[in-house]
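Each remark here refers to the structure printed beneath this line.
The values are calculated or read from the model by the stated rules, or taken from the named source; none is laboratory data. Everything numeric in this text was worked out from a predicted model, so none of it was measured. Please note: Cβ atoms are built from the backbone with ideal geometry, for glycine as well, and neighbour counts cover all protein chains shown. The accessibility values were calculated without ligands, DNA or RNA, using every heavy atom of the protein model including side chains. Shrake-Rupley method; radii C 1.70, N 1.55, O 1.52, S 1.80 Å.
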Amino acid sequence: MHNLRTVIKFETVRTLKKKSFWIAALAIPVAGALIGMIVYFSNKTTDTLSQQLSQAQYSVAITDDSHIIAPKILSAIHAQTVPSKQAGIDAVKNGQLDAYFYYPQDISKGNVEVYGKEVGLFDDSRYQSLAQDLLKQSIAATTNANVRAVLQDRVAYNATTFKDGQQDKGFLKLIAPGMFLVLFYFMLVTFGNQILTSITEEKENRVIEMILTTIKPTTLLVGKLLSLTLLAFIQLVTILTPLLIGYFILKDQLSLPSLDLSSIPFDPLAITLGAVIFVISFFMYTGILMTLGAAMPTAKEASSFFGMVMLFTFGPLYASSLFISSPNSTIVQVLSYFPLTSPIPLLLRNAVGNLTLPQAVIGIALLITTTIIAIRIGVRIFKFGALEYSRRLSLSEVIKRKN
Amino acid sequence: MNTETPLITVDNFTMRFGKTTVINDLSFTVRHGETFGFLGSNGSGKTTTIRALLGIYEPSGGTLYVGDGPYKVDGTIKLGYLPEERGLYKKENVIGTMMYFGQLKGMSAQEAKEWSLDYLARVDLENKATVRLDKLSGGQQQKVQLGITIMNDPDLLILDEPTKGFDPVNRRLLMDMIEEHQKRGATVIFVTHQMEEVERLCDRVLLLKDGTARLYGTIDEVKKSFGGNNVIEIVSEHTVPKNDKLYTIKHRDGKVVTIEPKGDMLAIQRSLTGAGVAYTRFELKQLSLDDIFLEIYGAEGKEEVHA
């Protein structure tokens, strides 16, 4: 296409020069970094405080009618025993003791009572923690290692399921093809509005007549579409790069889970289908949003219709459990094949593995057809609507109108 | 280049928007290398004709050819078009915008940059090359747009109301530039209702009213077809009577009456005095396009012309 490269370069470079592009791209990793820092420092402060608390020397006494608390553990923290509950409470009241715990005879029915000297809202909880620890450690000391592991919730489980005699990878198999669903969501949320304004600005700037006599509207729209796709990927890389760098640097400090790619199964067919559905869906929505931008006189007017398009797109997310549990139900079939709603159902069903190849082919064919129609209508509206600077065009007008 | 061969051929062009006919059966040609004045008041159909010629509108009837067929953006004819509705990418800088359009018009990035910097220096905007367009004044933006129009030496230059928004100094600059392109051999279509500029620059004109060609030809032919080259302007408190033998009243505007003489000046003066018409001015004037325009459009057109 004549001049396509020039249009792509111009549209890409001028967007890359905009501060708003980089603010939007960097806002997510910056926000992520800030949240990470807050979590890190908060954890660190809490750990430090807990450590300080655990090391703090304070006087404790207990009355143990349950006979669970091990004397060895009591002596380790220099705790005393007092014969009556009232004596313990009085000792705390008159400042002779910092804390007193009463363990009833039957702890499954009666409450463990904790009394302590007020030391601030945050620090007051240390008494209850200690009372709980005394109980847990005393029970652990009287049981074997297996029971201790169960009690302390340290038992690891390894589940294996089989499908058609083959080991099934469970949720792990959703990760690779499911990434396209996440990508699609991200691209549309972050780039949808930009697609819209990239067209309306041609009208708002009154530059359209010069453009239409220099290049074909198809070249301009396709150039913008490809430029926006390129920019979306640049933005994605801009967001992911610092997040990944941050992950590897702060993985240990923030106790983040390990990223073991080797355990993630890669089904070439599911990944290929996911990639194709994702790319075509993105083009289709770009085409639709461009058409919308071409029909509206200003970005402000276009944005109200943008909400409706987003509703069609992301509405099926509310029925996501249905796509997994009842893939053959009528509603799932309708949402999977109606072009405006189909991207999410197709991507989700492909990820969970209930989208058959023929169904995927039909869905993709419908998406391609809609994309071509959307771009063609967009070009037509762009041509006719280009000189409508203050009025929005109706669809019937576009179809009927020769000029 | 054969200057007798038309570069533009408009044949039985009709344009309708819904039930409204904007242009009705319009035919004209523009020859290679000539400067053609496309005249008419606001709403007469000038811009519609240009848009149809350039493929922005699809004609309801007839044909509009640029060269051998309808205008194509990727065809062989290099176009420079300054539309009536002006605008540029306001958030972009001057040089970036000029380079973009230069490249779209077939220049390399380097050529477009060099040309743009030379042009900006010529129009005293050399220090604005990296400034955003919305930071420029309206007149400065007009200069940039004009520069974009004449980039890459167009074969066909279409200027729709080019002087709109220009002060006298910049208007002079614009005229000089148009003359340079005329000398280079470019075909120029000058869409306007500024008659003085048309008389100075144009070889032939077409005057449009209500979508129909009213006058078409060289300026002399137009003047002759309208009744000759000379008129007499009379300023009088009294009503100048009709006198088919000695003159034809061409135009009345309050106290000012324009007549086309048939007899000699002395006889007309005697006839007026005899009819009791006292006048403060009786002046033989060369008939101008402005007079013709006023005659065709009347008071409505005059208001638009002087607006």
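So, in the stretch A:4-29, exactly how many residues are within 26 Å of A:Tyr247 (Cβ to Cβ) and free of Cβ contacts under 8 Å to residues at least 60 places away in the same chain?
Filtering the stretch A:4-29 for residues within 26 Å of A:Tyr247 (Cβ to Cβ) gives A:16, A:21-29.
Right, trim to free of Cβ contacts under 8 Å to residues at least 60 places away in the same chain and you get A:23, A:27.
Selection size over the stretch A:4-29: 2.
Determine whether the stretch B:153-168 contains at least one residue that is closer than 13 Å to B:Arg86 by Cβ, of a type in the set (Asp, Glu) and open to solvent by 10 Å² or more (accessible area, probe 1.4 Å). Before you say what the answer is, go through the steps one by one.
Going through the stretch B:153-168, the residues closer than 13 Å to B:Arg86 by Cβ turn out to be B:159-166.
From the residues that got through so far, the ones that are of a type in the set (Asp, Glu) too are B:160-161.
Then drop every residue that is not open to solvent by 10 Å² or more (accessible area, probe 1.4 Å), which leaves B:161.
Yes, the stretch B:153-168 contains a residue that is closer than 13 Å to B:Arg86 by Cβ, of a type in the set (Asp, Glu) and open to solvent by 10 Å² or more (accessible area, probe 1.4 Å).
Take the stretch B:209-231 and flag every residue that is open to solvent by 40 Å² or more (accessible area, probe 1.4 Å), assigned to a strand (DSSP E or B) and without any contact (Cβ under 8 Å) to a residue 60 or more places away in the chain.
So the first thing to find is which residues in the stretch B:209-231 are open to solvent by 40 Å² or more (accessible area, probe 1.4 Å), and the list is B:209-210, B:212-214, B:216, B:218, B:220-221, B:224-225, B:229-230.
With assigned to a strand (DSSP E or B) added as a condition, the list becomes B:209, B:212-214, B:216, B:218, B:230.
Passing the criteria: B:Thr218, B:Asn230.
Looking only at the stretch A:183-220, which residues are more than 15 Å from A:Thr298 (Cβ to Cβ), within 14 Å of chain B (Cβ to nearest Cβ) and either of a type in the set (D, E, K, R) or in a helix (DSSP H, G or I) (or both)?
Scanning the stretch A:183-220 gives A:Gln194, A:Glu209, A:Met210, A:Ile211, A:Leu212, A:Lys216, A:Pro217, A:Thr218, A:Thr219, A:Leu220.
Being more than 14 Å from chain A (Cβ to nearest Cβ), open to solvent by less than 30 Å² (accessible area, probe 1.4 Å), in contact (Cβ under 8 Å) with a residue 12 or more places away in the chain and under 18 Å from B:Lys164 (Cα atoms): is that true of B:Gly37 here?
Numbers: more than 14 Å from chain A (Cβ to nearest Cβ): yes; open to solvent by less than 30 Å² (accessible area, probe 1.4 Å): yes; in contact (Cβ under 8 Å) with a residue 12 or more places away in the chain: yes; under 18 Å from B:Lys164 (Cα atoms): yes.
Answer is yes for this residue.
Touching a Gly at 6+ places or on another chain (Cβ under 8 Å), more than 30 Å from B:Leu287 (Cβ to Cβ) and assigned by TED's automatic domain parsing to the domain that holds B:Thr218: does that describe B:Ala112?
Details: touching a Gly at 6+ places or on another chain (Cβ under 8 Å): yes; more than 30 Å from B:Leu287 (Cβ to Cβ): yes; assigned by TED's automatic domain parsing to the domain that holds B:Thr218: yes.
Against the criterion (touching a Gly at 6+ places or on another chain (Cβ under 8 Å), more than 30 Å from B:Leu287 (Cβ to Cβ) and assigned by TED's automatic domain parsing to the domain that holds B:Thr218), B:Ala112 qualifies.
What are the residues in the stretch B:49-61 that are open to solvent by 10 Å² or more (accessible area, probe 1.4 Å) and more than 9 Å from chain A (Cβ to nearest Cβ), if any? Reasoning before the result, please.
Within the stretch B:49-61, the subset open to solvent by 10 Å² or more (accessible area, probe 1.4 Å) is B:51, B:55, B:57-61.
Across the stretch B:49-61, the qualifying residue is only B:Gly61.
Looking for something outside any loop (DSSP other than H, G, I, E, B), modelled with pLDDT under 85 and closer than 30 Å to B:Phe17 by Cβ - is there at least one such residue anywhere in the stretch B:257-265?
no
Taking the criterion of being in contact with a helix residue (DSSP H, G or I) (Cβ under 6 Å, 6 or more places away or on another chain), open to solvent by 50 Å² or more (accessible area, probe 1.4 Å) and more than 14 Å from chain B (Cβ to nearest Cβ), would at least one residue in the stretch A:222-233 satisfy it? Quick ask: steps written out before the conclusion?
Going residue by residue through the stretch A:222-233, those that are in contact with a helix residue (DSSP H, G or I) (Cβ under 6 Å, 6 or more places away or on another chain) are A:223-228, A:230-232.
With open to solvent by 50 Å² or more (accessible area, probe 1.4 Å) added as a condition, the list becomes A:226, A:230.
Those left that are additionally more than 14 Å from chain B (Cβ to nearest Cβ): A:226, A:230.
Yes, some residue in the stretch A:222-233 is in contact with a helix residue (DSSP H, G or I) (Cβ under 6 Å, 6 or more places away or on another chain), open to solvent by 50 Å² or more (accessible area, probe 1.4 Å) and more than 14 Å from chain B (Cβ to nearest Cβ).
Can you tell me which of B:Leu206, B:Leu201 is in contact (Cβ under 8 Å) with a residue 12 or more places away in the chain, surrounded by 20 or more Cβ atoms within 10 Å (Cβ to Cβ) and either out of contact with any strand residue (DSSP E or B) (no Cβ under 9 Å at 6 or more places or on another chain) or not acidic (Asp, Glu) (or both)? Give the steps one after another, and end with the answer.
Numbers: B:Leu201 fails: surrounded by 20 or more Cβ atoms within 10 Å (Cβ to Cβ).
Result of the check over B:Leu206, B:Leu201: B:Leu206.
Can you name the condition, by its number, that B:Tyr65 falls short on among (1) surrounded by 16 or more Cβ atoms within 10 Å (Cβ to Cβ); (2) within 12 Å of another protein chain (Cβ to nearest Cβ)?
If we test B:Tyr65 against (1) surrounded by 16 or more Cβ atoms within 10 Å (Cβ to Cβ); (2) within 12 Å of another protein chain (Cβ to nearest Cβ), just (2) comes out false.
What about A:Leu340, is it crowded, with 16+ Cβ neighbours inside 10 Å, in contact with a Ser or Thr (Cβ under 9 Å, 6 or more places away or on another chain), in contact (Cβ under 8 Å) with a residue 12 or more places away in the chain and assigned to a helix (DSSP H, G or I)?
Numbers: crowded, with 16+ Cβ neighbours inside 10 Å: yes; in contact with a Ser or Thr (Cβ under 9 Å, 6 or more places away or on another chain): yes; in contact (Cβ under 8 Å) with a residue 12 or more places away in the chain: yes; assigned to a helix (DSSP H, G or I): no.
Here the answer is no, as A:Leu340 does not meet what is asked.
With respect to B:Val22, is the statement that it is within 14 Å of chain A (Cβ to nearest Cβ), touching a strand residue (DSSP E or B) at 6+ places or on another chain (Cβ under 6 Å) and of a type in the set (Val, Ile, Thr) true?
Details: within 14 Å of chain A (Cβ to nearest Cβ): yes; touching a strand residue (DSSP E or B) at 6+ places or on another chain (Cβ under 6 Å): yes; of a type in the set (Val, Ile, Thr): yes.
Criteria met by B:Val22.
Would you mind finding the one in B:Glu92, B:Glu85, B:Glu58 that is at pLDDT 90 or above and charged (D, E, K, R)?
Working: B:Glu85 fails: at pLDDT 90 or above; B:Glu58 fails: at pLDDT 90 or above.
After ruling out the rest, the residue left standing is B:Glu92.
What about A:Leu366, is it in a loop (DSSP other than H, G, I, E, B) and open to solvent by 40 Å² or more (accessible area, probe 1.4 Å)?
When the stated conditions are applied, A:Leu366 does not pass them.
For the stretch B:79-114, which residues satisfy the criterion of being part of a helix (DSSP H, G or I), within 8 Å of chain A (Cβ to nearest Cβ) and without any contact (Cβ under 8 Å) to a residue 40 or more places away in the chain? Spell out the reasoning first.
Step one: of the stretch B:79-114, the residues part of a helix (DSSP H, G or I) are B:94-104, B:109-114.
When the remaining residues are screened for being within 8 Å of chain A (Cβ to nearest Cβ), the result is B:96, B:100-101, B:103-104.
Those that are part of a helix (DSSP H, G or I), within 8 Å of chain A (Cβ to nearest Cβ) and without any contact (Cβ under 8 Å) to a residue 40 or more places away in the chain: B:Gly96, B:Tyr100, B:Gln103, B:Leu104.
Name the residues in the stretch B:266-279 that are outside any helix (DSSP H, G or I) and surrounded by 13 or more Cβ atoms within 10 Å (Cβ to Cβ), would you? First the steps, then the outcome.
Initial filter on the stretch B:266-279 (outside any helix (DSSP H, G or I)): B:275-279.
Once the filter is applied, which keeps residues that are outside any helix (DSSP H, G or I) and surrounded by 13 or more Cβ atoms within 10 Å (Cβ to Cβ), the stretch B:266-279 yields B:Val277, B:Tyr279.
Inside the stretch A:183-211, can you point out the residues that are over 20 Å from the mean Cα position of the chain (by Cα) and over 14 Å from A:Leu228 (Cα atoms)?
Scanning the stretch A:183-211 gives A:Thr200, A:Glu201, A:Glu202, A:Lys203, A:Glu204, A:Asn205, A:Arg206, A:Val207, A:Ile208, A:Glu209, A:Met210, A:Ile211.
Checking B:Asn42 against (1) at pLDDT below 90; (2) farther than 29 Å from B:Ile292 by Cα, which single condition isn't satisfied?
It is condition (2) that B:Asn42 fails.
Pick from B:Thr149, B:Thr130, B:Thr76: which is within 13 Å of chain A (Cβ to nearest Cβ), touching a Pro at 6+ places or on another chain (Cβ under 9 Å) and outside any strand (DSSP E or B)? Even if it seems obvious, please write down each step before you answer.
Values: B:Thr130 fails: touching a Pro at 6+ places or on another chain (Cβ under 9 Å); B:Thr76 fails: touching a Pro at 6+ places or on another chain (Cβ under 9 Å).
Answer to the check: B:Thr149.
Looking at A:Phe266, A:Phe306, which one is of a type outside the set (Val, Ile, Thr), farther than 30 Å from B:Val66 by Cβ and not in a loop (DSSP other than H, G, I, E, B)? Reasoning before the result, please.
Values: A:Phe266 fails: not in a loop (DSSP other than H, G, I, E, B).
Of the residues listed, the single one that is of a type outside the set (Val, Ile, Thr), farther than 30 Å from B:Val66 by Cβ and not in a loop (DSSP other than H, G, I, E, B) is A:Phe306.
Could you count how many residues in the stretch B:78-130 are within 26 Å of B:Phe38 (Cβ to Cβ), open to solvent by 60 Å² or more (accessible area, probe 1.4 Å) and among the basic types (Lys, Arg)?
The qualifying residues number 1.
Looking at A:Ser258 and the list (1) part of a loop (DSSP other than H, G, I, E, B); (2) touching a residue at least 12 places away in the same chain (Cβ under 8 Å); (3) of a type in the set (Gly, Ala, Ser), which single condition is not satisfied?
Result: A:Ser258 fails condition (2) only.
Considering only residues that are in contact (Cβ under 8 Å) with a residue 40 or more places away in the chain and open to solvent by 10 Å² or more (accessible area, probe 1.4 Å), look in the stretch A:194-211 and name the one that is farthest from B:Leu82 (Cα to Cα). Reasoning before the result, please.
Taking the stretch A:194-211 first, the residues in contact (Cβ under 8 Å) with a residue 40 or more places away in the chain are A:194-204, A:206, A:208-209.
Among the residues that remain, those that are also open to solvent by 10 Å² or more (accessible area, probe 1.4 Å) are: A:194, A:197-198, A:201, A:204, A:206.
On the way: A:Gln194: 29, A:Thr197: 25, A:Ser198: 23, A:Glu201: 19, A:Glu204: 17, A:Arg206: 12 Å.
So the residue we want is A:Gln194.
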